[in-house]
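Comments concern the structure below.
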Amino acid sequence: MHSELNLLPQPQQATFTGGTLSLEQGGRIALNVPRPAVLLFSARQLQAALETATGDSWSIAGGATGQVMLCLDNAIARAQGYRLTVSGEGLVIAAHDLAGLFYGVQTLQQLLKTEGPTLPQLVIDDWPDFPTRGVMHDISRGKESTMETLYALIDRLASWKVNQFQLYTEHTFAYQKHEDVWRHASPLTAEEIRALDAYCRERHIELVPNQNSFGHMERWFEHPQYLHLAEVESEFTAPWGVPHLPSTLSPAVPDTLPFVDSLYTELLPNFSSKLFNIGCDETFELGLGRSKSLVEERGRGRVYLDFFLEVCQLAQAHGRTVQFWPDIINQHPELIPELPKDIIALEWNYEAGYDFLGKTAPYAAAGIPFYVCPSTSAMRTILGRTDNCLANLREAAQQGLQNGAIGYLNTNWGDTWGWRRCLPVSYLGFAYGAALSWACAENRDLDLPLALDSFVFQDSAAIMGKLVYDLGNAYQETGVIQNVASLLYSLHIYSLDNLRERASLLFHAGESQKTLFDDDLLRANLHASLELIADAISPIERSRMDLPDAELIRREYKHLALLAQHGARRGLLQLSDPSVTRRSMRAELAAIEAEFPLLWLARSRPGGMVDSQRQLAEMRLLYESAKS
């Protein structure tokens, strides 16, 4: 890491050459390319940054004469790469391609923000480790972001050199023939997708369609007219031992493929990308119902693969390159060599310590391109899981590069048990993932609180970076480490008795389960969690965020801190701790419920809010059993 520079991401190479360049006065930005118009968006971004830094006006013109020049240079060998030179004569960004020029401009904007109009003379040579650096944002399991929220998120991601964006959808696209499925979901329309696609393209981001096409069809099967396509028509026992609603399309039903193709026919023309994520993960009940005889005859893996290949052919007939989640195929590694060589496997896992190296090795050996897909670790939490997030993101990058991954897709999942958190909780993971996927070695030890203050929260008081980082580690203070969740969230959903019954499924083994079963130890840890959260959130009013939504972020984090503390107090209530009463919990929950919809609607559409409010209200049942 280049400790002298405060950038996100840190560049691959930076050499200081001595002296400074003063840009105190306005000047000209020269676009030295055959068709200057193609650089207009990047040039206008730079123009705004220069005018803010200098307090003077800057013009844009074609040609090679200007204090600042943007040009293409064949000597920059790597795709998306650039060289930024600050010298006594002026400032030059030379790049391999237009994307490289855009990324050079992002770096220069950050330099101007942190250094002002007097820049150190230096040479930055920079290029990405991963050709594709993506973010997948879930809009199906709870919150569906407004267009304004999506535009703002895309701007952030682009400034950190992310170049792919996916919106995970199950039922939240407004299919014309399927209004019953999305009527209460506030879906994205075709017109909105087209506008979003254009917005992304301008920022060198590829908007990739994402429609689950095999499993995770619960929202469709809630409606009787689709149930004939399901593998089973009633609840089944999930692999983790609890009832689960029908969720998987049946390969044995002749109407299934025409149904899938009808979705593709309507969805895909709205995207300029030739990639398409068809999902096809977690087909839990395959072989338990309509395809049972097929599975008995041919095996579950073979039935899965045959149907998967047919779905791939549908997508390819629409001119798309398939991406898919390979968790089911991973259970049948002997079938991996039969996969087409022109699809992309998206190897996913969200826990620190996952073996991305071993899991991707069969795809590398078979010549099948793949991405590594970690996550922001925000799913089923309130405040995130900072340490798990950083380790998961870092390990995915390091091991993905070692095995030749062509992409890095950072996932941000919703919550099927009720979405509690607010979008800023995911910013830490978005930022660190973007940095690692650009230059892993140089960003592995990134000063993340500093980067968050500078390029996420724009907090000149240097409070928010540490605050967000520390709150995201409150999950560890409980002493109970959960799989893809935090105890502070789970205590909103389950009673302690229920958590203990399911401990072997929900929690990591060893000390974690020991703490859960030891009342005195758990009580002490829950009190410690309350203290950590109170200490971490206390300086938030002293933050000085230069953001339009600064006050909203303060409200969100104070609300989230209260939600997390409420989870800890629910545990203490069940441990008969004298610091908590049912009366006080009812009053606290009432305050939470009053703020909840206001914060929801500040960034998200109404769809999904009623479900989450209902799940929040169900918490009151624990407090109504006595008058105390």
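What follows draws every value from the coordinates through simple rules; no lab data is involved. Quick caveat: nothing in here was measured; it's all calculated off a predicted structure. Backbone-built Cβ (ideal geometry, glycine too); neighbour counts: all protein chains shown.
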Over all alpha-carbon pairs in segment 179-248, figure out the percentage whose distance exceeds 20 Å. 49 percent
Compute the long axis of helix 356-366 from its Cα atoms, compare it with the longest principal axis of the Cα atoms of the chain, and write down the angle in degrees, 0 to 90, nearest 10. 80 degrees
Measure out, as a whole number of angstrom, how far apart the alpha-carbon centroids of segment 7-65 and segment 204-240 sit. 48 Å
Looking at the square roots a ≥ b ≥ c of the eigenvalues of the Cα gyration tensor of segment 250-373, which shape do they give, rounded for a/c under 1.5, prolate if a/b is larger than b/c, or oblate? oblate
Mean shadow area of segment 1-154 over all directions, Cα convex hull, nm²: 10.6 nm²
Report the calculated FRET efficiency for Cys71 and Asp355 (r = Cβ-Cβ distance, R0 = 41 Å), to the nearest 0.05. 0.40
Over 23 Å between C-alpha atoms is what I'm after, so list which of Lys274/Lys341; Lys359/Lys466; Lys143/Lys274 land there. Lys359/Lys466; Lys143/Lys274
Taking every pair of Cα atoms in segment 465-623, average 1/r, invert it to obtain the Kirkwood radius, and report Rg/Rh to two decimals. 0.97
Does segment 365-505 classify as rounded, prolate or oblate by the C-alpha gyration tensor (a ≥ b ≥ c root eigenvalues; a/c under 1.5 gives rounded; else a/b over b/c gives prolate, otherwise oblate)? oblate
Exposure proxy check: Met585, Met379, Met464 ranked by fewest other beta carbons within 10 Å? Met585, Met379, Met464
What is the Cα centroid distance between segment 74-100 and segment 315-334, reported in whole angstrom? 37 Å
Ranked from highest to lowest mean number of other Cβ atoms within 10 Å per residue, what is the order of the peptides 133-145, 305-317? 133-145, 305-317
Enter the Cα centre distance for the pair segment 541-581 and segment 408-439, rounded to the nearest angstrom. 20 Å
Ratio of Rg to Rh for the chain, alpha carbon only, Kirkwood? 0.98
Lys/Arg Cβ at +1, Asp/Glu Cβ at -1, dipole of segment 132-446 taken about the Cα centre: which of Trp160, Tyr226, Leu245 is farthest positive-ward? Trp160
